[in-house]
Amino acid sequence: MSRRVELFISMRDRFALATDIYFPTTPAPHPTILIRTPYGRREPYCDMIKQGEFWSSLGYVCVVQDCRGKWDSQGIWEPFLHEREDGHDTLDWIVKQPWSNGDIGMTGESYYGLTQWAAASTHHPALKCIAPGHTASSAVDHWLWREGILQLSTFVTWGLQVEGRFFNSFEAPAWGEIPIEQLDELLLSRSCHYFKEWLTQERQSSYWKARSFEHYLETLTLQVFIWGGWRDIFIRGTMSDHRTLSETGKGKVYLSISPDDHEHTWLNSEEQSIKIDWPYEAVAQFFDIHLKGSSTSSIPSVRYFVLGSNRWEKASEWPLRDSYKKRLYLNGESLTEAPQSTSCSFPLSDASSYLKNLWRLKESATISLGELTSYGYLFVSSPLSSPIEIRGAVSLVLETDVDRLPLSLSLWRVTESKECLLILENSGIFEVVVGQTDISLGDIAFTLREGERLALQISKPAFPHFVVRDDPDQQVGLITYSQSYLSFDCISSEKAQTTEDITAAE
């Protein structure tokens, strides 16, 4: 049984942060696992006690700390702002302790995944490796905005939840009934200063640069294990961080993607939901390699779950080197192998989106084809004569006479019984260059089976998850398109059949 000690660690400005330390039973010194969280070091929501005991049982000292201004820590809670300095100062304190061997790793997900990117950006020499999960290094383009559009549910559902400590008991506001600027008074019965600032600060301002960490990625030299979920709200940031580090980083980077949403509910191709824990084993192997020098542990560079065939696969890189591009053209209300001969139009102002909660995608990830046709504009392929193995990027290349597009896009698998399962979604305000734009839907590993169909829904950005401010330049009426198509990276069915499975039952 591990021993837990509570203490307060002083930062450079003398504010003290509440910290729990879990010690292993073996003699010191030890490597350390640091977790910095705003969700409470002893609260049941993220079960930090369980994590502290887990890491100490493996021979690590585990340090769990409340972020500045949260729970028992001193100071004012200011999301994103103090995590670099507080992370660095905590690392500094750890290496001076007699039980520390000077080697530190960090792990955690969501916001306490972002605190790792913040600490890593300081290049502290004791921080040897990090394992951020279900998160993104940018507080701007993946947390609070997406593709230039305000993520209202992040601003409110997360921003005010964490301020008011609501967590899962949070009651959503009556969206649209009062101005956004007043939602903090409604939900907190007081004003929230940073919420007001978020609504007024320009995305490219110095305000946001001080609260984002993606511009440090190219300079990192430490080892990184990135993990996330195909259904997670941060999956684009997760994949973007992996891509940047793979191309420019100086250390080894690993990637593991499961089929879950942000609340760790797996959604497989049979529309079944399975509750899981975060990947203890793979992260522990990563730390054993880079903090203990283990020569017996090994993990693949890339490990991912294939939706549609429900199996794990591994690869040496992502995107896959031997993938090829496949196209399906928008043709009337269909997706076809050949382009259309004439232009088609539809009024986007009349199109509503089905997606309502992207934090818990299980709530809107399945729907009947009949119901889906009542939302937005739907383009459906013919039944497939052979399987399609999607592995990599999916995008919509849209040729249109509109130069600015606020859009919500979703891609669906349609079974032979006309049930639909969400594959990918993206929303944003997209600039069209010379009448055509390549709009990313993101990355995915998905098997479409023989006899199934593919459906693309185009609508207005999904309210209340996204909100387009009143701006005449962002109003879109009629969209006229021609020679437009879906593009996706695929591998051959033969390649998919010979790919080494990690396990089909994990």
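Just so it is clear, none of the values below were taken in a lab; they were calculated from the coordinates. Quantities reported herein were computed from a predicted structural model and do not represent experimental measurements. Cβ sites come from the backbone with ideal geometry, for glycine too, and all protein chains shown count toward neighbours.
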Amide H neighbours of F225 under 5 Å, counting only residues 5+ apart in sequence or on other chains, H built in-plane at 1.01 Å?
I130, A131, Y254
Please work out the FRET efficiency for the pair H215 and R404, using the Cβ-Cβ distance as r and a Förster radius of 25 Å; give the result to the nearest 0.05.
0.40
Note, ³J(HN,Hα) from phi for region 48-64, Karplus 6.51, -1.76, 1.60, rounded to Hz, x at Gly and Pro:
5, 4, 4, 5, x, 5, 5, 5, 5, 5, 9, x, 9, 7, 10, 10, 10
If each residue of separation counts as 0.36 nm, what is the full-extension length gain between L7 and Y324 once their alpha-carbon separation is subtracted?
108.6 nm
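Report the full-extension gain for the segment Q161 to T248: residue separation times 0.36 nm, less the Cα-Cα distance, to one decimal in nm.
That pair, Q161 and T248, stretches by 27.7 nm at full extension.
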In order through region 151-162: 3J(HN,Hα) via Karplus (6.51 cos²θ - 1.76 cosθ + 1.60), integer Hz, x for Gly, Pro:
8, 4, 5, 6, 4, 9, 4, 8, x, 8, 4, 6
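Given R₀ = 51 Å, FRET efficiency for Q97-S341 by Cβ-Cβ distance, to 0.05? Can you show the working numbers first?
Values: r = 73 Å, r/R0 = 1.43.
It comes to 0.10.
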Can you figure out the FRET efficiency of V397 with Y45, using R₀ = 45 Å and their beta-carbon distance, to the nearest 0.05?
0.60
When only C-alpha pairs under 8 Å and at least 6 residues apart count, what is the relative contact order of the chain, in percent?
13
Inter-label distance for T373 and L478, nm, one decimal - labels placed 7 Å from Cα along Cα-to-Cβ
2.5
For a quick check: with amide H placed at 1.01 Å from N, whose amide H comes under 5 Å from D72's, ignoring anything fewer than 5 positions away on the same chain?
none
Within 10 Å, count the other beta carbons around each residue, average over each peptide in 189-196, 417-424, and list them highest first.
417-424, 189-196
Quick check on the chain: of the DSSP beta bridges with both residues there, what percent are antiparallel, nearest 5%?
75
Along principal axes, Cα extents of region 1-117, largest first, whole Å:
38, 30, 23
For R327, residues with placed amide H under 5 Å, excluding near neighbours
none
For K325, go through the lysines and keep the ones whose alpha-carbon is under 29 Å away, minus same-chain ones fewer than eight residues off.
K252, K314, K418, K460, K495
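Whole number please: convex hull volume per residue of the Cα set in the chain, in Å³?
On the way: hull volume 75.0 nm³, N = 506.
It is 148 Å³ per residue.
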Determine the gain in length on full extension of the stretch K495-E263; use 0.36 nm per residue of separation and subtract their C-alpha separation, reporting nm with one decimal.
80.3 nm
Using only Cα atoms, what Kirkwood radius does region 46-87 have, in angstroms?
11.7
What ranking, highest mean first, results for peptides 302-315, 88-101 when packing means the other Cβ atoms within 10 Å averaged over each residue?
302-315, 88-101
